[in-house]
Amino acid sequence: MECRVLSIQSHVVRGYVGNKSATFPLQVLGFEVDSINSVQFSNHTGYAHWKGQVLTAEELNVLYEGIKLNKVNHYDYILTGYSRDTSFLEMVVDIIQELKKANPSLVYVCDPVMGDHGAMYVPEDLLPVYRDRVVPLADILTPNQFETLTGRKITTEEDAVEVMDLLHQMGPETVVLTSTDLPSKHGDQFLVALGSQKTVKPDGTNATQKICMDIPKVDAVFVGTGDLFAAMLLAWTHHHPRDLKAACERTVSVMHHVIKRTINYANEMAGPGKRPSPAQLELRMVQSKADIENPAIVVEARVLHQSSH
């Protein structure tokens with residue numbers, strides 16, 4: 001059975017962010033990907049210059065109408081990332097609701113891109129739309145520590161577990177906190193990510209799995225890694241639907257291989273003692289094809305809690 005993803009994200013001519021970061025890896029793993037580009041920019045906005053166009057909510061609707069008129073609006077997955085205004089996000093919600101009616105088993109993977117390190121980079125009025133309309137529709141949610149939408153501060157592992165449980169109550173069965181600044185047991189060279197999955201077993205009982213991962217830090221700013229993470233989590237949860245541990249280990253290991261290859265290349269291009277440019281730090285995606293298809297597992301997840309009732 002072929003598996004089809006509708007991915008609504010940004011597009012860049014040069015480099016890897018948004019749909020450019022998600023499409024190739026998903027295709028490599030056997031998914032059909034239909035992309036709607038929420039923006040078309042020359043490159044990501046971390047460069048000195050960038051130019052381009054922004055898709056309006058109305059234009060998004062026109063594209064969707066075309067798909068619907070041809071009766072090819074059947075999707076197994078929807079993937080969304082950065083959204084810059086409320087009318088666009090509201091239209092995305094309407095489309096997802098309609099597609100879920102058409103296919104009740106559709107899985108919506110939402111990366112709620114809102115900010116990082118305590119700073120917002122989307123307008124405030126997006127928050128209630130995410131909280132009240134988007135999150136309840138999501139099946140898989142990949143916020144960072146700052147994007148949890150619960151209003152709860154995370155200072156301990158227990159806080160993180162409570163926040164993930166609150167998010168489950170809002171809708172999503174799978175929640176992965178992609179990065180937190182919780183202290184790692186391995187020291188400050190590691191980031192901590194946590195995940196929680198609620199599944200209903202074939203016999204009708206509920207199962208919960210909570211995991212924690214220590215991810216090696218890399219001293220550079222990469223763009224598009226969050227988009228790659230969400231796409232890979234979609235792919236690997238599809239292949240391991242009841243095993244968040246396996247899905248997250250593969251996802252994080254893909255990230256590790258891509259980032260390692262990227263930083264090695266960027267440092268080589270920049271030369272000794274020089275900081276690589278945004279162009280040199282573009283993800284080495286095509287070069288990582290073999291790692292995307294079959295990642296050597298380099299990060300193991302600890303199971304914090306497992307139960308079935």
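The values are calculated or read from the model by the stated rules, or taken from the named source; none is laboratory data. On a predicted model such as this, the values are computed, not experimentally measured, just so you know. Cβ coordinates were reconstructed from backbone atoms using ideal geometry, including for glycine residues, and neighbour counts include every protein chain displayed. Calculation scope for accessible area: heavy atoms of the full protein, side chains included, ligands and nucleic acids excluded. Shrake-Rupley method; radii C 1.70, N 1.55, O 1.52, S 1.80 Å.
Kindly indicate whether THR150 is open to solvent by less than 60 Å² (accessible area, probe 1.4 Å), without any contact (Cβ under 8 Å) to a residue 24 or more places away in the chain and among the polar types (S, T, N, Q).
The answer is yes for THR150.
Put simply, of SER87, SER83 the only residue that is over 28 Å from LEU304 (Cα atoms), surrounded by fewer than 22 Cβ atoms within 10 Å (Cβ to Cβ) and touching a residue at least 24 places away in the same chain (Cβ under 8 Å) is SER87.
Step by step: first the residues of the range 100-113, then only those that are of a type outside the set (Phe, Trp, Tyr) and buried (at least 20 other Cβ atoms within 10 Å of the Cβ), then the one that is farthest from the chain's Cα centre (by Cα). Which residue is that? Quick ask: steps written out before the conclusion?
Step one: filter the range 100-113 for residues of a type outside the set (Phe, Trp, Tyr), giving 100-107, 109-113.
Restricting the remaining residues to those that are buried (at least 20 other Cβ atoms within 10 Å of the Cβ) gives 107, 109-113.
Details: VAL107: 13, VAL109: 7, CYS110: 7, ASP111: 4, PRO112: 8, VAL113: 9 Å.
Across the range 100-113, the extreme among qualifying residues is VAL107.
For first residues located in the range 234-246 and at pLDDT below 95, partners that are open to solvent by less than 70 Å² (accessible area, probe 1.4 Å) and lie 6+ apart or on another chain with Cβ distances below 6 Å form the pairs ARG242/THR199.
Within the range 53-76, residues that are in contact (Cβ under 8 Å) with a residue 24 or more places away in the chain and closer than 25 Å to PHE41 by Cβ sit with their Cβ atoms under 9 Å from residues that are part of a loop (DSSP other than H, G, I, E, B) and open to solvent by 70 Å² or more (accessible area, probe 1.4 Å), at 6+ positions apart or across chains, in these pairs: VAL54/ARG84. When ARG284 is tested against (1) surrounded by fewer than 16 Cβ atoms within 10 Å (Cβ to Cβ); (2) in contact with a Phe, Trp or Tyr (Cβ under 7 Å, 6 or more places away or on another chain), just one condition goes unmet, and that condition is (1).
Per-residue answers, yes or no, for (1) crowded, with 19+ Cβ neighbours inside 10 Å; (2) farther than 24 Å from VAL12 by Cα; (3) in contact with a strand residue (DSSP E or B) (Cβ under 6 Å, 6 or more places away or on another chain):
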residue	(1), (2), (3)
PHE229	yes, no, yes
LEU234	yes, no, yes
HIS238	yes, yes, no
ASP243	no, yes, no
ALA247	yes, yes, no
LYS260	no, no, no
ALA266	yes, no, no
GLY273	no, yes, no
SER307	no, yes, yes
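Scanning the range 265-293 for residues that are in contact (Cβ under 8 Å) with a residue 60 or more places away in the chain, more than 16 Å from LEU29 (Cβ to Cβ) and not in a loop (DSSP other than H, G, I, E, B) yields a count of 0.
Search the range 31-45 for residues being outside any strand (DSSP E or B) and not hydrophobic (A, V, I, L, M, F, W, C), and hand back the single one that is surrounded by the fewest Cβ atoms within 10 Å (Cβ to Cβ).
Keep residues of the range 31-45 that are outside any strand (DSSP E or B), which gives 31, 42-45.
If we keep only those that are not hydrophobic (A, V, I, L, M, F, W, C) as well, we get 42-45.
Working: SER42: 13, ASN43: 20, HIS44: 20, THR45: 15.
The qualifying residue surrounded by the fewest Cβ atoms within 10 Å (Cβ to Cβ) is SER42.
Evaluating PRO136 against the criteria (1) surrounded by fewer than 22 Cβ atoms within 10 Å (Cβ to Cβ); (2) more than 17 Å from the chain's Cα centre (by Cα) leaves one unmet condition, (2). Among the residues making up the range 163-186, those that are closer than 17 Å to ALA301 by Cα, open to solvent by less than 30 Å² (accessible area, probe 1.4 Å) and part of a loop (DSSP other than H, G, I, E, B) are LEU182, SER184.
Count of the range 46-84 residues, restricted to those that are under 19 Å from the mean Cα position of the chain (by Cα), within 30 Å of VAL221 (Cα to Cα) and not in a strand (DSSP E or B), is 4. When you go through TYR82, TYR64, TYR77 one by one, which is the residue that is of a type in the set (Ser, Thr, Tyr), modelled with pLDDT of 95 or more and closer than 30 Å to GLU293 by Cβ? Among TYR82, TYR64, TYR77, only TYR77 is of a type in the set (Ser, Thr, Tyr), modelled with pLDDT of 95 or more and closer than 30 Å to GLU293 by Cβ. Which residue pairs have Cβ atoms under 9 Å apart, sit 6 or more places apart or on different chains, and have a first residue in the range 1-24 that is on the phi > 0 side of the Ramachandran plot and among the small types (Gly, Ala, Ser) and a second that is assigned to a loop (DSSP other than H, G, I, E, B) and open to solvent by 30 Å² or more (accessible area, probe 1.4 Å)? Hits for this filter: GLY15/TYR47; GLY15/VAL223; GLY15/PRO278; GLY15/ALA279; GLY18/TYR82. Within the set ALA220, ALA207, ALA296, ALA193, the sole residue that is exposed (fewer than 15 other Cβ atoms within 10 Å of the Cβ), in contact (Cβ under 8 Å) with a residue 12 or more places away in the chain and assigned to a strand (DSSP E or B) turns out to be ALA207.
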